[in-house]
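Below is one structure, written out as structure tokens; the observations come after it.
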Amino acid sequence: MKRGLRSRLAKYGDEEFALFLRRGFLKGAGYTDEALDRPIVGILSTASDFNPCHGTAGRLAEKVANGVRLAGGLPFVFPTISIHEAFSFPTSMLLRNLMAMDTEEMLRALPLDSAVLIGGCDKTIPAELMGAISADVPSIVIPVGPMLAGRHEGARLGACTDCRRLWAAFRAGALDEAALNRAHDQLMPTAGTCMVMGTATTMATLAETLGFTLPGAATAPAVSSERMRLAEATGARAVEMAKAGGPRPRELLTKAALRNASVVLQAISGSTNGIVHLAAIAGRAGLSYDLDELDRLGREVPVLVNLRPAGEHFAPDFHAGGGVPALWRRLQGHLDLSARTVGGETLGDVVARWPAYVDEDVIRPLDNPVVAGEAIAVLKGSLAPQGAVIKLAAATPALCQHEGPALVFDSLDDLERRIDDPALDVSPDHVLVLRNAGPVGAPGMPEAGALPIPKKLASKGVKDMVRISDARMSGTAFGTVVLHAAPEAAAGGPLALVRNGDLIRLDSRGRRLDLLVDEAELARRRSQWRPPEKPARGYARLYVDHVTQASQGCDFDFLADVGRSAEGAPQGR
Ligand code: FES
């Protein structure tokens, strides 16, 4: 197999000429022949002025490159698209698959022997893992790391749990604009990813658990020297992987590794987005993600990591308290410790050598959990035949068993138009339903599932209501919120048939979500239903034509694994 600069030559019908041309251009860029004979490590940088969470990505890439050079390799930094939650219209999820395709095709096209993937903000690590698994090039992830927590008037503040809390208080009239603005200055005090247990921290923790990072890499603060040293060590490890030709992503992504990820997702009370991303990541390796197993594990595994929004602390505290390997040690009775990591060790090897210190309040022992269990539950029923999820750890217990009349919003625009209408006919017992906000309907399944409490109720002190949608929810959010109802309304799922006043029953204990309308009436409504119009052209059209439902990860149907040739290359390429 050809390595380094001699690999993946452009097709001119003359390989020697293609190599001659490539070397010529690199000489033109100032490289010597000696340098060009070294193993090549591609460093995927997601530095972008439009991605403030990745403000340190450029410096990280330099540190990775330094590690590559120290270990005798040749680093090449290259870009892919970079996605930030607040800078992606209409929603970052619409672009995740595009970034995964960009990653996969660059890893396949460039003459690199291994790759270092720099990611962090919510969709970036899932996209990188999806692309790397499909390309199956030896790859190692270095997250950009979490922000430090802010401090304001004696309290610690966290993005974005406190962004939501402060905004809700402002909407309810409990906080004036000046006070809101003072706190605003402290919500994102450094570069890095949101430092609560949002999607970024969840996905970095899962990437470490799946074995795709060096130990400790999920949680070291973005602006710490430790993060920079981890980057250098990651670069050095990538050279070893380049020389050995592995481990490859598909060697790491096994059924056991996915089950471990589900255990950890429950124990950290992670973002529900993690479920969608794990399903997509599994699909790239030809595996299916087991939602029933996730639900079962939720009944066995308590929430141990005490981070907001379910707990009190922040990601840098998780790191100082022992980090992800200390959590693995707590969970060793639930994990398969023989699962491999990209560093060459098993999870068990890492647990055995990891420092014994653990902060008992941040990473709780099994007999003193943050929440006794059931962080995330999977619901089925007549309103979600293919499943829906609820984060019980962030819900109001009294609302988790609830029956109430539906108040339906047909789209995000409809929600925006009417939610604060003083004439809205709504009581705290109502079940707020948002539809056409799923993968096809929005399109892109935005994080709109935590519908705002109608102002007329919020101003009277109502803080939570049952909310149901085919949308997603930020991992930093909280409330009694049922998400990912599948099939979604725009695909003809039962959510499309709900009318104002229909009774809906949420039975979290029984894992049921039901629309209490008889089948004959539903059949009548179904016969009148028409699918929404599709986007006329471009990526949005590709997206709605090929995106799968949440339970399959919202990946494109044509990107799922289709088997491999004897040489390990994907079939049909
Ligand atoms: Fe980037 Fe939260 S917006 S991690």
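The values are calculated or read from the model by the stated rules, or taken from the named source; none is laboratory data. Just so it is clear, the model here is predicted, and its values are computed rather than measured. Glycine gets a Cβ as well: all are built from the backbone with ideal geometry, and neighbour counts include every protein chain shown. Note: accessible area is taken over every heavy atom of the protein model, side chains too, but ligands, DNA and RNA are not part of it. Shrake-Rupley method; radii C 1.70, N 1.55, O 1.52, S 1.80 Å.
Overview of values
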item: Dipole moment magnitude, nearest 20 debye, region 227-321 about Cα centre, only Lys, Arg, Asp, Glu C-beta charged; result: 380
item: Segments 100-110, 304-314 sorted - mean Cβ within 10 Å per residue, highest first; result: 304-314, 100-110
item: 0 to 90° range, to nearest 10: angle between helix 291-300 axis and the chain longest Cα axis; result: 80
item: Peptide ranges 425-437, 535-547, 441-453, 493-505 listed from the most packed, as the mean C-beta count within 10 angstrom indicates; result: 441-453, 425-437, 493-505, 535-547
item: Degrees between helix 57-70 axis and first principal axis of the chain (Cα, 0 to 90, nearest 10); result: 30
item: For Ala174, net neighbour charge (Lys/Arg +1, Asp/Glu -1) across residues whose Cβ lies under 13 Å away; result: +3
item: Positive-end residue of Phe89, Leu327, Ala236, charge dipole of the chain with Cβ unit charges; result: Ala236
item: Unit charges on C-beta of K, R, D, E only; dipole of region 305-374, Debye; result: 180
item: Sum of -39500 (n - 2.57) over DSSP H runs of 4+, divided by residues of the chain (222 nm, nearest 500); result: -10500 deg cm²/dmol
item: FRET efficiency estimate (nearest 0.05) - Cβ-Cβ, Glu34 to Glu153, R0 51 angstrom; result: 0.30
item: Inter-site label distance for Ser338 and Arg296 at 7 Å from Cα along Cβ, in nm; result: 1.9
item: Packing rank of 29-37, 196-204, where each peptide gets the mean count of other beta carbons within 10 Å, highest leading; result: 196-204, 29-37
item: Cβ-isolated cysteines (cut-off 4.7 Å), the chain; result: Cys194, Cys400, Cys554
item: Reachable lysines from Lys463, criterion Cα separation under 28 angstrom, eight or more residues apart if same chain; result: Lys380, Lys391, Lys455
item: Under 14 Å from the Cα of Lys123 - aspartates and glutamates, other chains or at least 8 residues apart; result: Glu85, Asp102, Glu447, Asp555
item: Solvent-accessible area of His152 with every protein chain in place, 1.4 Å probe, in Å² to the nearest 10; result: 30
item: Protein accessible area in region 1-156, 1.4 Å probe - carbon and sulfur %; result: 59
item: Charge dipole (the chain, unit charges on Cβ, about Cα centre) - positive-most of Leu187, Leu503, Phe20; result: Phe20
item: In degrees, nearest ten, helix 255-267 long axis to first principal axis of the chain (Cα); result: 50
item: Cβ-placed point charges (K, R +1; D, E -1), dipole of the chain about Cα centre in debye, nearest 20; result: 580
